[in-house]
1. First measure r as the distance between the Cβ atoms of Glu244 and Glu319, then evaluate 1/(1 + (r/R0)^6) with R0 = 35 Å and state the FRET efficiency to the nearest 0.05.
2. Gln381: net charge of surrounding residues, Cβ under 12 Å, Lys/Arg +1, Asp/Glu -1, itself excluded?
3. Counting other Cβ atoms within 10 Å, keep those with at most 15, restrict to DSSP loop, and tell me which GluC sites (Glu not before Pro) in segment 205-261 are left.
4. GNM, the chain, Cα, under 10 Å: largest mean-square fluctuation among Tyr380, Tyr43, Tyr370?
5. In nm, what is the difference between 0.36 nm times the number of residues separating Ser256 and Lys76 and their Cα-Cα distance?
6. Could you work out [θ]222 nm for the chain from helices alone, using -39500 (n - 2.57) per DSSP H run of at least four and dividing by all its residues? Round to the nearest 500 deg cm²/dmol.
7. Quick one: Leu14, Leu254, fewest Cβ neighbours within 10 Å first, how do they rank?
8. What does the charge count around Leu270 come to, taking other residues whose C-beta lies under 14 Å from its C-beta (Lys +1, Arg +1, Asp -1, Glu -1)?
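A short reminder: the numbers here are calculations on the coordinates, not readings from a lab. Note that the structure is a prediction, hence the values are computed from the model and not measured. We place every Cβ from the backbone using ideal geometry, glycine too, and count neighbours over all the protein chains shown.
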Amino acid sequence: MLNLNRRETRLDLLRTHCEDASFLFTLREKAIEAPNYRLIDVYDLEERMRGHLLAILLANEAGARMAADVLAENPKAGEMFVAAYVVAHRTGPAGLVRLIDDWDEGLTYVRSLTMALAWCQPDLLSSFMSTWIASTDLRLTTLALSVCAEHRVDPQHHLDLALKIDDARVRSAAFRCAGFCGRAGLRDDATAFAGENFEAAVAATLLGDSSAGPQALFAAIVKEPAGPNARRAAELAPLGMDQEAAQSHIQSLLSSAEAARWGIVAIGALGLPETLDWLVRQMEVDVLARVAAAAFGAISGADIKDPELEQDQFPEDPENPITEANVVEDFYESNLPWPDLDGVKAWLDENRNRFSLGQRHIMGSAAWSYSYPDMAGLKYQSAFRALSYEYAMRDPGVALPNWHAQVRLENGQFVRTW
């Protein structure tokens, strides 16, 4: 007799759930920084990923085995996230420690593990954080601090203790947490390490240091222009010092073929409308055209995706050593529009009187005119990131608004908790 109530586990479908969740995690990691993803797009990715994760958990032991098998076959960031998320829900802290011991003893995938924990519900997450934040296993301390930074939760005295630990990985996580949580009292600690620790340089800048922190960020770009932190440095450093000093550093970047891209990104972050005509001229250089258009839009508010401002036919991508060496930046570049030079020039001629020279602008409005936490009118993740930096720099004692936070549907609108 056919029993329609009998549960059947389809291993082929279970594998698909694991693989798709892994892919969506990897895509979301890029999307939350991207220039063309809106809240609705991030929400779509998150809901699809959440559905796959739920299906894996509903399969109980079979789901856990499949997540482990997929990780064993392809040990990468997405697969580590899925396996860690499943283990966290099934066997808790002890199981996750075993997973780390077996597959990531050196915390190569610290971001994946951090996000697996960050996506857990608060009651489950507390079972990790209460012991890991003070653990003698420095890997667990690193993860706990990273989760605190992700959620903008200040671990108080645990953070002070972590900064005294002579371990580069813990120190980076601690400084990241300090900067993201607005621990202004730790600015001097961050400044002291700014020259040797990138996260300390970020923290020092976010916490109000106008010298060592921003200078270290500019130096990091010169040292590693194809590195994973170059965009973060270029977007934040100009906000941490006076305009004259920032322009001097930007000019140094522009004088280097390897770092010119980041000089243009920094110009967009600084936001001075007198640079708009110069940015238009950079759009004539194929390797700089799209990033120059993005900087132009960041200052002026022009949407280069508008049919009148974007080319009808895209040219072939030019050789670009920066994007070829940096998969995230390559994704960013590939999602930028190719500007139509005549259209952009015509737009600028029509709108240039809207801008006040010498005054910083963000997306077409004077920077001071944005009132936290109002982010109405923003479309893309890159815009949310820019305004998050702007708000954090106004008050070093407040947390950095979280453009990585999960998106939810509330009263018919897509929102997130900043």
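1. Efficiency computed from Cβ-Cβ geometry: 0.50.
2. Residues near Gln381 contribute +3 overall.
3. Sites meeting the loop and neighbour criteria: Glu258.
4. Maximum among the listed residues: Tyr370.
5. Gain in length upon complete extension: 61.4 nm.
6. Theoretical 222 nm ellipticity from helices: -18500 deg cm²/dmol.
7. Leu254, Leu14
8. Around Leu270, the surrounding residues sum to -4.
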